[in-house]
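Encoded as structure tokens, the structure appears first; notes follow it.
The values are calculated or read from the model by the stated rules, or taken from the named source; none is laboratory data. Since we're looking at a predicted model, the values are computed, not measured. Virtual Cβ from ideal backbone geometry, glycine too; neighbours counted across all protein chains shown. Surface accessibility is based on the protein's heavy atoms, side chains included, excluding ligands, DNA and RNA. Shrake-Rupley method; radii C 1.70, N 1.55, O 1.52, S 1.80 Å.
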Amino acid sequence: MLNPKELATVLSAVEEDGKAFESVSAHFQRTFTHMNGRFKATTMMLMLLEDELASMLKPTQRLSMIFLAFDAHRTDDLKSHPFAQALMEMAERLTFKLESAKREHVKAVEAETNEAKTFAALERRAVDFSE
């Protein structure tokens, strides 16, 4: 685990809004010069992303953390990348959430369409009745 000072350093490394991912990565690598420190910091970032506290992070911070988790071992093949499994699980959960949101949206549109059709039918009946 990282101590509070190291955690603050990790958060400051991903705080750089508007910076290119490569710039964030270079800053991260300068800050955590040893592989062990980089590994601990990346592990902490993934733990933060998995935690309920992740909603307190800005979207740019979350994206930077995901990028850094991938980038820390980008030259490794997928089988030996220590964070590949966690990143794939995040992607699967996000895909599931997006698909669920899409289904809910489709249901809402269908319900709205059915209500509009019912209303139109009632209007036609009212016009027929008044004639």
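Would you say Glu52 is at pLDDT below 80 and over 20 Å from His81 (Cβ atoms)? Steps first, please.
Numbers: at pLDDT below 80: yes; over 20 Å from His81 (Cβ atoms): yes.
Yes.
Any residue that is modelled with pLDDT under 85, open to solvent by less than 80 Å² (accessible area, probe 1.4 Å), assigned to a loop (DSSP other than H, G, I, E, B) and aliphatic (A, V, I, L, M) - is there at least one of those in the range 67-85?
Within the range 67-85, one or more residues are modelled with pLDDT under 85, open to solvent by less than 80 Å² (accessible area, probe 1.4 Å), assigned to a loop (DSSP other than H, G, I, E, B) and aliphatic (A, V, I, L, M).
Just to check your reading of the model, which residue among Glu110, Glu89, Glu104 is open to solvent by less than 90 Å² (accessible area, probe 1.4 Å), without any contact (Cβ under 8 Å) to a residue 24 or more places away in the chain, more than 20 Å from Asp17 (Cβ to Cβ) and assigned to a helix (DSSP H, G or I)? Write out each step before concluding.
Numbers: Glu110 fails: open to solvent by less than 90 Å² (accessible area, probe 1.4 Å); Glu104 fails: open to solvent by less than 90 Å² (accessible area, probe 1.4 Å).
Just one listed residue meets the conditions, Glu89.
Report, by residue number, each residue of the range 14-36 that is touching a residue at least 24 places away in the same chain (Cβ under 8 Å) and within 25 Å of Met88 (Cβ to Cβ).
Scanning the range 14-36 gives Val14, Phe21, Val24, Ser25, Phe28.
Just name the residue that is least open to solvent (accessible area, probe 1.4 Å) out of those in the range 1-48 that are among the small types (Gly, Ala, Ser) and in a loop (DSSP other than H, G, I, E, B).
Pass one, the range 1-48, residues among the small types (Gly, Ala, Ser): 8, 12-13, 18, 20, 23, 25-26, 37, 41.
Still in the list and also in a loop (DSSP other than H, G, I, E, B): 18, 20.
Details: Gly18: 86, Ala20: 57 Å².
Here the answer is Ala20.
Consider the range 92-101. How many of its residues are open to solvent by 80 Å² or more (accessible area, probe 1.4 Å) and not acidic (Asp, Glu)? Before the answer, list the steps.
We begin by selecting, within the range 92-101, every residue open to solvent by 80 Å² or more (accessible area, probe 1.4 Å); these are 92-94, 96-99.
Then drop every residue that is not not acidic (Asp, Glu), which leaves 93-94, 96-98.
Matching residues across the range 92-101 total 5.
Would you check if Leu63 is at pLDDT below 85, at negative phi and assigned to a helix (DSSP H, G or I)?
Details: at pLDDT below 85: no; at negative phi: yes; assigned to a helix (DSSP H, G or I): yes.
It is false that Leu63 is at pLDDT below 85, at negative phi and assigned to a helix (DSSP H, G or I).
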